[in-house]
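For reference, the structure is listed below as structure tokens.
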Amino acid sequence: MLPILLSLACSTLPECGPDQYVTATNECADSPSGLAIEGADLLPACDYAEPGDRLQFAAGCADGACDGMLYDDVVAVLGAAEECTDSTSYTFCYWADGGIHSFFDDADDDQVPDAGATTHGIFLEEPWDGTSEDGLGLGVSLGCFLEVYGVPDTVEYEEIDGVRQLSQLRWTGLGLFVEDDLEADGLDGFTDELDLFGR
């Protein structure tokens, strides 16, 4: 059971049962699937998307583009990049109306990936709408990922009106980051971005 420590000044944590966790409001709550993680009680109920085969988390792939794949191989799968933007020593390239992107080595900063450059992660945002065989994807509750993969290795929070809410779940062994982006539509508990790094 993952220990939960709330950094609330002058407060005392309640002693919860073995199948409970301390909520963001400093109370004991029953832990769905035994997940002892702060903020899980604030997430929307899980409603899985239609299962599909366009998203493979373990391989770090979306629509056949995978982490560690050569740029030329990504183009062979997804077609020519819609845009590549400059960043010092790297270039970010976009496909699927910006819904799939990755960055590549670009030593001369010419916005063209270097020969032999490979993807450094696969990053997914709307309007991309692929799903995994488990029915996971963009737009589903972060709680669905907790149900399928269990307690993450690390989590991040944003504080809203004095309450800490989950904003990112990270399974480092799986190479998966799941994010609810505060700037996209506020923290609503639904997935706005998926970062794939493969195993």
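No value in this document is a laboratory result; all are computed from the given coordinates. For clarity, every value in this text was computed on a predicted model and none was experimentally measured. Every residue, glycine as well, gets a Cβ built from its backbone with ideal geometry; the counts of neighbours run over all protein chains shown.
Exposure proxy for Val163, Val140: other Cβ atoms within 10 Å of each Cβ, ordered fewest to most, give Val163, Val140. Over the Cα atoms of the stretch 68-120, the radius of gyration divided by the Kirkwood radius equals 0.92; this is the Rg/Rh ratio. Each label point was placed 7 Å from the Cα along the Cα-to-Cβ direction; for Asp47 and Asp185 their separation is 1.1 nm. Find which of Phe177, Gly189, Val163 sits farthest along the positive direction of the dipole of the stretch 122-199, computed with +1 on the beta-carbon of Lys and Arg, -1 on that of Asp and Glu, about the Cα centre. Value computed over the given set: Phe177. Charges were assigned to the Cβ only: +1 to each Lys and Arg, -1 to each Asp and Glu. The resulting dipole of the stretch 68-120 about its Cα centre is roughly 240 debye. Rg and Dmax of the stretch 55-199, based on Cα coordinates, read 15.7, 49 Å. Counted by neighbouring Cβ atoms within 10 Å, the residues Asp67, Asp185 run from fewest to most as Asp185, Asp67.
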